[in-house]
Structures are given as C-alpha cells and as structure tokens.
Amino acid sequence: MFRSHLNSIFVSHCDDSLFYDVERKQSISYSVFLCDVKKVIEKIQNSYEKSLDIVSALNNNYTTLVLYFAAFMLGRRLILIEPLKGKNEFHKMLAISNNPVIFCDIVGVDSLHFTSEDINKWIKEELSRNSQYFNLDIETSLIHLSELVTFTSGTTDVPKAVLHTFDNLAQSAISFSKQMEFDHHNIFIHTFPMCYMAGVLNSFVLPLFLGGKCVIGERFGINTVFSFWDNVISNDVDVIWFNPTMLEIITKMFKNKSEEISKYCVDKKVLGIVATAPLTEESWKNFENIFSLPLYNSYGLSETLFISTNAPKFKNYSSVGKILEGVDVKILEGSEVGLKVKWRCIGYLNNNIENNLEGNYYKSGDIGIVNKQMLHITGRIKDLIIRGGLNINPFVIEHILKKSIGSNYVIIGAPDRILGEKILMVVEGNKLDTSLRTLNKLLEQELGNEFKIDEIKTIDKIPVNSNGKLDRKNILEKLNDIKN
C-alpha cells in the first residue's frame with residue numbers, strides 16, 4: 001500500500017522541490033531526485049548485481065540520501081555506519097554484512113569502496129533512454145523488500161545492529177505526521193547525522209511521505225552552529241528537529257540575536273520537535289521564551305521508532321507526549337515501559353531480541369507512567385550514557401581501556417548542562433598513571449571521537465552491590481558526598 005502512496009507523491013509533486021542542498025546551493029525536484037537515484041541504481045546493478053548488502057559510512061550530503069533511496073528501490077539491505085568511527089570500529093560493524101558494496105568517507109579504511117565523490121560523479125552523467133531503469137518507478141520497484149540496519153549501543157564491545165523494513169519506517173512516519181498534523185506545505189531542515197535512525201526517519205522518510213520539502217543543512221556541531229539560523233531563515237523552514245544538546249548550544253550562541261530569530265519564528269509559525277534524548281522542563285521553557293519557538297518533546301527508540309509526541313493540540317512539559325496511533329504502552333514489572341508497535345524492528349543481526357521482550361512488548365529500559373494516553377518517562381534502567389543525543393555504552397569504553405590500564409575504574413554518565421550527560425571515569429584511589437589525553441587518543445583510534453572521556457575523578461572505594469557487581473547508580477551519590 002505504501003508503494004502506491006509514495007509513487008503518487010512523486011507523480012503529483014514531480015516538479016516541486018523535494019530538497020534544497022545548502023552545500024551546492026541547489027534546489028532538487030522530486031523528478032530530478034528520482035532520476036539521480038536511477039543513475040546510482042544502474043551503476044550498482046551493472047557492477048554489483050549479486051551483492052546483497054549496501055554499506056554506507058558517508059558524511060551528510062545530498063548524494064548520501066540518493067544512495068539510501070537507491071538501496072531501498074533495489075530491495076537491498078542498507079547498513080549505516082557512523083563516518084566518524086575509527087577504522088577498527090568500522091571493520092567490526094562491517095563484519096555483519098553479506099557480500100557488500102561499500103560506500104565510505106572514513107579516512108584510512110583499506111577496504112575496496114566508493115566515496116561520496118564517486119556518487120556525485122555518477123549523478124552528473126546522463127541516464128540513457130535505452131537504460132532498463134529509465135522508466136523504473138516506485139510502484140514497480142523492490143522497495144517493499146528493502147531493509148535498514150542502524151547501530152545502537154549494546155552490552156558488549158560491538159553495538160547492536162537493529163533491523164527494520166522500509167514498511168516500518170513508512171508506517172511510523174505516517175502515524176507521527178498525523179498526530180503533528182503535518183502536510184506537504186511543511187519545510188523541514190536536516191541537521192541530524194544521516195548515519196543514525198533520526199537522520200533517516202525523522203528528516204528524510206517523514207518529509208518524503210508528506211510530499212514536503214527538506215533543506216539539507218550541515219551536520220549540526222560547534223563548527224556549523226553559526227550558519228544554522230541563516231539556513232533556516234533563508235529557506236523558509238517551519239519545522240526543525242532538535243536534540244537537547246542542540247538547544248543548549250543554540251541558546252548560548254544566539255541569545256543576543258534572539259529578537260530577529262523570534263520575529264521569524266512567529267511570522268512563519270515555526271515549531272520544533274525534540275528527539276533522541278530527554279529534555280528538561282527548564283531547558284524547554286527557557287528556549288521557548290528566548291526564541292518564541294514552541295517545542296514539542298517526543299519519544300522513540302531505534303528498535304520501536306516513534307512512540308509518542310507532544311503536539312500543538314496537546315502539550316505537557318512533564319511528558320514525552322501523547323501515545324501515537326498504532327502504539328500500545330504497558331507498564332511492566334519495576335515500572336519499566338513496555339512497547340508494542342506495528343513497526344517494531346524485526347530483530348538484531350548480531351544479538352537475540354528475545355532477551356528484550358516480555359510477551360509482545362519490547363522492554364524499553366526506561367521507567368515511566370501513562371496518564372490519559374500521555375507518556376511520562378521518569379528514569380532509566382539502562383546504564384547507557386546519553387551524551388549530546390548519542391547513546392554511549394560505558395562497557396565498550398571499559399573493554400578497550402582494560403587492555404591498557406587494568407580494571408580499577410568505572411565509566412559512568414554524569415549530568416551536564418550542555419551535553420545532557422558527560423562521560424566520567426571514576427578511578428579507585430590514585431591508581432591511574434595514564435593521562436586523560438593518552439586515554440582519549442586510544443579511544444578515538446579504536447572507537448571514534450564520541451567515546452572520549454570528559455573528566456576523571458577519584459574515589460576511595462568503588463561501591464559494589466550485594467551480588468559483588470559494580471553499583472554504578474551509587475557512584476555519583478558517593479562523589480557528591482565527597483564534594484559536599
């Protein structure tokens with residue numbers, strides 16, 4: 001059904017703008033995008049017809065989205081890897097693929113692969129009318145057979161590979177859009193990393209199923225923050241996806257220019273949706289007051305996609321929003337939030353999802369309550385560190401460091417106003433002879449830049465629970481006691 005729906009969007013909006021590419025200063029229509037996709041399909045099919053998987057570790061740009069949609073229309077499995085990963089981590093993730101075609105922008109990777117620049121060259125070529133793909137449309141494509149794999153943090157040194165169908169993405173996007181009352185007039189901006197689920201579902205698939213428009217901005221970061229509002233205002237953007245770290249940085253950097261930004265947000269009726277990590281009520285209200293931009297906190301997981309969202313018709317500062325149509329939430333033992341959705345992932349490629357299920361409900365690892373269909377998240381069972389909107393698994397860091405410095409330490413998350421949580425290394429006594437700089441150099445090489453430790457603190461004795469296991473939850477309390 002969704003193939004017909006998507007095909008009709010491309011037909012009815014063929015001459016409308018689908019993307020504006022900030023980097024190339026170019027508008028791309030639905031028909032031009034589909035033509036570029038066909039060119040990439042032809043290149044892949046001519047040389048790699050028997051390849052089962054397409055692996056992408058590409059930077060944020062238009063050509064990356066062309067590759068994604070080409071993979072979907074070919075009915076292939078698309079595996080996404082963070083291009084900021086170290087090459088060792090890249091090869092670990094690559095191991096789950098089956099006879100892949102590799103597209104990679106990671107410097108130093110020694111596998112045979114293509115880059116973003118190769119795709120850019122392909123789409124500059126003409127597609128011959130004699131090509132068997134010239135008349136290919138979405139309804140006759142294999143998009144219904146395609147799969148998407150994104151990585152999330154697991155409990156080992158290899159992240160879990162979450163497997164979804166394109167149908168899952170479509171259903172989730174349509175349900176979310178319905179609750180937010182989006183339509184084809186909305187203009188989104190894409191600043192999330194394209195290698196994670198939020199960069200595919202929130203900022204690409206969702207606008208596509210609306211027949212809307214998406215501005216392809218730069219991946220948000222300290223180096224790109226100064227052009228953020230220029231890209232929003234110059235392209236008439238009226239829907240912005242944020243994460244809590246973005247909100248804190250933008251508030252700090254643009255507080256003195258808030259009058260001009262506020263005027264634009266009011267005139268264009270701009271709204272912001274917050275995803276990827278919890279948002280505090282203080283940060284929420286502070287941002288709205290400064291920029292006159294209403295925010296709507298939402299909730300979802302890589303495994304379950306969209307679950308709930310606040311919206312203009314129902315907004316609660318203590319809630320992650322109203323539960324979406326197609327979602328069933330059940331509070332399990334220990335107040336853990338259980339999720340049953342039509343678009344739950346098929347499973348993990350490198351792990352057993354049954355361990356995360358209770359009947360038909362996915363165990364979220366979050367603690368919460370439901371009140372009048374509004375979901376409230378009150379805590380987190382998992383030990384994951386959510387740093388700047390990214391899930392960081394502390395066990396991965398400990399596993400790497402154990403080879404070099406032993407195990408008289410623990411990695412935990414500590415509250416941080418800018419990042420949400422920072423990575424804290426707590427060392428027992430004064431048993432650390434290695435500098436923070438040396439440790440981070442090792443972590444960056446093995447795992448990537450996002451795994452670097454933010455701070456080191458010492459404690460007389462690392463607490464353990466009754467089972468003799470590290471009591472991570474109690475460590476911060478002990479550090480605070482020492483400070484006081």
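The table below lists the values:
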{"quantity": "Wholly enclosed helices (runs of 4 or more DSSP H) of region 143-254 bearing at least 1 residues under 19 Å from the mean Cα position of the chain (by Cα), at pLDDT below 95 and among the polar types (S, T, N, Q)", "calculated": "244-254"}
{"quantity": "Any hit, region 8-19, residues being polar (S, T, N, Q) and more than 20 Å from N60 (Cβ to Cβ)", "calculated": "yes"}
{"quantity": "Meets criteria (assigned to a helix (DSSP H, G or I), at pLDDT below 95 and within 19 Å of S203 (Cα to Cα)) for T276", "calculated": "no"}
{"quantity": "Unique residue being surrounded by fewer than 18 Cβ atoms within 10 Å (Cβ to Cβ), of a type in the set (D, E, K, R), assigned by TED's automatic domain parsing to the domain that holds G75 and touching a helix residue (DSSP H, G or I) at 6+ places or on another chain (Cβ under 9 Å) when the list is E218, E147, E139", "calculated": "E139"}
{"quantity": "Pick from region 255-272, criterion modelled with pLDDT under 95 and of a type in the set (K, R), ranking: nearest to Y296 (Cα to Cα)", "calculated": "K255"}
{"quantity": "Pairs with Cβ under 7 Å, 6+ apart, first in region 1-28 and among the charged types (D, E, K, R), second surrounded by fewer than 17 Cβ atoms within 10 Å (Cβ to Cβ) and part of a helix (DSSP H, G or I)", "calculated": "R3/E139; R3/H144; D15/S31"}
{"quantity": "Elements of type strands (runs of 3 or more DSSP E) in region 1-93, at least 3 residues being under 19 Å from the mean Cα position of the chain (by Cα)", "calculated": "53-57, 77-80"}
{"quantity": "Residue pairs meeting the criteria (Cβ under 7 Å; at least 6 apart or on separate chains; first more than 16 Å from V327 (Cβ to Cβ), in region 363-386; second in a loop (DSSP other than H, G, I, E, B))", "calculated": "G365/I381; G365/K382; I367/I381; L384/S153; L384/N393; I386/A277"}
{"quantity": "Tally, over region 303-342, of residues that are outside any strand (DSSP E or B), of a type outside the set (D, E), surrounded by fewer than 19 Cβ atoms within 10 Å (Cβ to Cβ) and out of contact with any Leu (no Cβ under 8 Å at 6 or more places or on another chain)", "calculated": "10"}
{"quantity": "Failed condition for T64, given (1) within 17 Å of V215 (Cα to Cα); (2) out of contact with any helix residue (DSSP H, G or I) (no Cβ under 8 Å at 6 or more places or on another chain)", "calculated": "(2)"}
{"quantity": "Matching residues, region 24-76, being among the basic types (K, R) and closer than 22 Å to F192 by Cβ", "calculated": "R24, K25"}
{"quantity": "Number of positions in region 81-123 that are at pLDDT below 85 and either over 26 Å from G221 (Cα atoms) or assigned by TED's automatic domain parsing to the domain that holds F451 (or both)", "calculated": "3"}
{"quantity": "Test result for G420, within 28 Å of H91 (Cα to Cα) and touching a residue at least 24 places away in the same chain (Cβ under 8 Å)", "calculated": "no"}
{"quantity": "Criterion (among the hydroxyl-bearing types (S, T, Y) and modelled with pLDDT under 95) met by exactly one of S17, S4, S31", "calculated": "S4"}
{"quantity": "Helices (runs of 4 or more DSSP H) contained entirely in region 390-483, each with at least 2 residues that are modelled with pLDDT of 90 or more and closer than 30 Å to M246 by Cβ", "calculated": "436-446"}
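The values are calculated or read from the model by the stated rules, or taken from the named source; none is laboratory data. Worth saying up front: this structure is predicted, and the values here are computed from it rather than measured. In this analysis, Cβ positions are derived from the backbone assuming ideal geometry, glycine residues included, and neighbour counts consider all displayed protein chains.
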